[in-house]
Structures are given as C-alpha cells and as structure tokens.
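So the structure is just underneath, and the comments pick up after that.
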Amino acid sequence: MTSNANLHDATERARSGDAAWQDDVRQGVRHVRDLARLPLSPAERTAAEIAATRHKVRIPKTYLDLIDWNDPADPIRAQVIPSPDELVESEGELDDPIADHEFSPVPRLTHRHADRVLLFPTYQCAVYCRFCFRKETLTSIGRGYSREALEPAFAYIEAHPEIREVILTGGDPLSLPDKALAEIRGRIEAIAHVRLLRIHTRVPVALPSRITAGLVRSLQGRLMVSVVTHFNHAREITDATEQACRTLRQGGFVLLNQSVLLKGVNDTVEALEELCRELMYRLGVKPYYLHHGDLARGMAHRRTTIAEGQALAAALRQRLSGICNPVYVLDLPDGGGKVPIGPGYVEGRDGEAWRIRGQDGAVRVYREVVGAPFSQYKY
Ligand SMILES: *Cc1c(COP(=O)(O)O)cnc(C)c1O
Ligand code: SF4
C-alpha cells in the first residue's frame, strides 16, 4: 500500500468516526420538543416543558437507548429526563453550590487551590444532567468556545508559576471540535510550569462515539493528560463506553472517574459496588471521588443524607479493594474545597495509644513507637 492510500484510509476512518457521533447527536433528544416522541408520563411532559426553560434538555441517542421505559425508576432516565420534583426548590439550595464564581480572578477560570485551576472553555454539554451542580451557570451564560474568550485565563496561568494542573471543565470540554481541543492543549502546553492537563467530561459515558482517533490526537503532546469521566451507574458501562475508554487508555491518558451519590440512582451498596468494580476491571478507570450531592437547585429529591453516604462508604471500604474504592467527599459551598467525609476510624487516643476501628468494626489499640534516627547522634 502506498503512503497516499494509507493517508486516504486514515481520512476515511476519521470521517466515518465523526459521522458516527454526529448521527448519535442528531438522532438523540436535542430540544424539549423531541421528548414528544418518548413514552413520558403526562406529569413528566408538563415538568419537562418548565424545567427545560431553566436547564436544557439534551440526550445523545446511545444514552437514550439505555433507558428501560418499563421502569419508572430507571437510573438512566432519572439522570436525564426532567422530573416534576425538579420544579421544587428547597431553602438552602444555591445557584453556585461550590463557589466557582467567588474564586474566579478572570473570566472562565477558577483558582481555589494554589497548584491547580479550573478552566471553562465552553458552557455547553453533550448531555444535560438534571442534577448538574453548574446548571445555573450553563443556563444563564450558555457561551461556547472562542480563543479570545480564553486569553485572559491563559495570561493568568502564565503569570502564576505555582499552577501545575489545568483542569478543563465546563460545560463539557469534549463537546468541542478536535481543532479547538488541539488549540487549547497547544496554548496550555506552551506554559512551561504546567505539568498536567485534566479533562473532566461526561462524553465517554453519554456520547462514547465522540472518542475518536482524531480526538485523542488533538490532546497528545508534551503534557501528562488525565481524563476524568463521570459514570454514575453500572448500566452506563456498555460495549460502546468500553471501546471509548480503551481508545483513551491506548492514547496514553490516565483515566479516573468521579460519581455523584444520587438517591434512586446509585444509593445502594450493591449499585455502587458493581459500578466501582466494573469501572476498574472492565474500563480500566480508577474510581476517584464519590461526591455527596451538591446543593444544586431543585435536587432535594436526589440528595441522600451525609449519614447515609457514610454508611455506604463504610460498606464499600469493607467490600472493595483500595484501587476500586473512591473517596467520599463533600464540596463545601463557601469555597472550603472538597473534604473527605467518609466514616472515621479513629475512635480516640490516650497518649501514644490510639483506639482505631478495624474494617471488621472491632476497635483495637495501636501503640505508636517512634524513635530518633541514629543520624541525629554524633558517633
Ligand atoms: C474540584 C476542584 C479542583 C480539583 O480538585 P482535586 O481534589 O485535585 O480533584 C480544583 N479546583 C477547584 C476549584 C475545584 O472545585
Ligand atoms: S455534563 Fe457535567 S456540566 Fe454538563 S450538565 Fe452534566 S454534570 Fe453538568
């Protein structure tokens, strides 16, 4: 085969790869009116009309096809189909549940921890999740990507040598075209003190066909790249998502997952255990965080209590290996950052004797033995 033919083949493949995900988007739900062809209840239909004015409705076909319409409590349906419960706002819920705006020195960037920043290249997503903690930002701003819009953020990163990780989030960064991703990656890798590019995305879950060879190439360069996916239920793990994750792993990216604890979706030990195992064993994706439900508006019906979350985290710790086990965290609303809120194992201490609860529930005494190193003495 001549190199020309190879090139031609590659172009063909890239084209058909792009055609696949574009069909997936086109044949999915793109507007609230597309919900008309789905078997929703009358209450869901009315709720959807109202809810969609506040938080867009968008569901790619492959994700839509995972819904079991015979099950009103289907965990996929619960994540993307607007529910009448969403219209009920509770006291204490917030527009900006994790204080992104308070820590934003320039547009499209949040800097709360010295060594890492969030960068928002777009406020659009391939799928809109009903529980989204940034939904007010997405709805009120709705801005897409432009190179100029990010310039102040790039200048800020350049001027702050303590920044080592740039986290693309949004919106969903992988909803952008390859060209835009390559442009952003190129701009960031030109800043010498940046070491890691992180991409927080729900595309491998909801639009796995978008993970093409072209997309992978657009992210490859000088930087270590970590793709942080957002699977919430084992039912989201399919041949298509497996293929997408394999493509990303073979591209050389480190894969992690963050889940949100959602009542009626994944708030049982069995659901979380299966999710975490399948993430690691089938997809090669390390469970990173299990987030307690944020104070996003209209989401009281999906939030568990912290005590329920702790009981689940304790059970997971007993059942799962360390590598399969995520850290249960709460993102404090006033900008206190993500704090582990899993069960405590230290029951108390008496000098050097610590009383520590084992994974079997029994409390043991651990006596500290600490001596000065020899090198401290002259001999
Ligand atoms: C979540 C978050 C990060 C990333 O935190 P890690 O614990 O490193 O995953 C960074 N900055 C902000 C503002 C965040 O909300
Ligand atoms: S993909 Fe992420 S940012 Fe977009 S709606 Fe879902 S949770 Fe929100």
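Just so it is clear, none of the values below were taken in a lab; they were calculated from the coordinates. This one's a predicted model, so the numbers in the text were calculated from it and none came from an experiment. Using ideal geometry, Cβ is built from the backbone for each residue, glycine included, and neighbour counts are taken over all protein chains shown.
Just a few scattered comments:
- The gain in end-to-end length when the GLU274 to VAL88 segment is fully stretched comes to 63.8 nm, 0.36 nm per residue minus the alpha carbon separation.
- Expected 222 nm ellipticity per residue - DSSP helices of 4 or more, -39500 (n - 2.57), all of the chain, to 500: -9500 deg cm²/dmol
- Taking 0.36 nm per residue of separation and subtracting the Cα-Cα distance, full extension of the segment from PHE374 to ALA213 would add 52.4 nm.
- In the elastic network of the chain, a GNM with C-alpha springs shorter than 10 Å, the most mobile of GLN258, GLN27, GLN359 is GLN359.
- Extension gain for the segment VAL363 to ARG246, taken as residue separation times 0.36 nm less the Cα-Cα distance, is 37.9 nm to one decimal.
- Formal net charge of residues neighbouring THR247 (Cβ-Cβ distance under 12 Å; K, R +1; D, E -1): +3
- For the chain, radius of gyration divided by Kirkwood radius, i.e. Rg to Rh on alpha-carbons: 1.01
- Under 23 Å of direct C-alpha separation, and excluding same-chain neighbours fewer than eight residues apart, LYS263 reaches these lysines: LYS56, LYS135, LYS286, LYS338.
- The GluC sites (Glu not before Pro) of the range 149-220 meeting both criteria, a DSSP state outside H, G, I, E and B (loop) and at most 13 other C-beta atoms within 10 angstrom of the site's C-beta, are GLU162.
- Three-way shape call for the range 91-167 based on the alpha-carbon gyration tensor, with the a/c threshold at 1.5: oblate
- Computed over the chain with a Gaussian network model linking Cα atoms closer than 10 Å, the most mobile of TYR366, TYR345, TYR156 is TYR366.
- Note on the range 327-379 and the range 248-310: Cα centroid distance 25 Å, given to the nearest whole angstrom.
- Max mean-square fluctuation residue, GNM over the chain, Cα-Cα springs under 10 Å, options GLY336, GLY309, GLY298: GLY336
- Exposure proxy shown here: for LEU272, LEU119, the number of other Cβ atoms within 10 Å sets the order, fewest to most, as LEU119, LEU272.
- Rounded to the nearest 0.05, the FRET efficiency derived from the C-beta distance between LYS179 and ARG45 at R0 = 25 Å is 0.05.
- For trypsin sites (Lys or Arg not before Pro), the sites in the range 161-229 that DSSP calls loop and that have at most 15 other Cβ atoms within 10 Å are ARG164, ARG195, ARG222.
- Given charges at beta-carbon only (K, R positive; D, E negative), |dipole| of the chain in Debye: 840
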